[in-house]
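Worksheet: one structure, shown below.
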Amino acid sequence: MTVRVQFWSYFKDLTGCAEASEELAVGATICDLLQRLQARFPSLIAMQNSTLIAVGVEYQSRDYVLKDGDEVSLFPPVQGG
């Protein structure tokens, strides 16, 4: 299955792109996707404990089972000031 990943804020700088597509096995979770992305973009490893993840417009946990065509967004914690 194919999922599309969008990188927001300084995640664009860490990856050098605004979006990417990943081919995953049916039944793959967000955790599986993150492992694949960290192998492809090692700079994401430093952010692994503070990455916010949404599928569509809903935040999801790392055990969420992805579906073909899902759009996943990765972004840093919201900061205010």
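Points to keep in mind about this one:
- Segment 45-63 residues that are of a type in the set (Phe, Trp, Tyr), paired with ones that are surrounded by 10 or more Cβ atoms within 10 Å (Cβ to Cβ) (beta carbon under 7 Å, 6 or more apart): TYR59/LEU52; TYR59/ILE53
- Applying the condition of being at pLDDT below 95 and under 19 Å from PHE41 (Cβ atoms) to segment 53-81 and asking which residue is surrounded by the most Cβ atoms within 10 Å (Cβ to Cβ) yields PHE75.
The values are calculated or read from the model by the stated rules, or taken from the named source; none is laboratory data. Bear in mind that the values here come from a model prediction, so they are computed numbers and not experimental data. Positions of Cβ are backbone-derived with ideal geometry, glycine not excepted, and every protein chain shown enters the neighbour counts.
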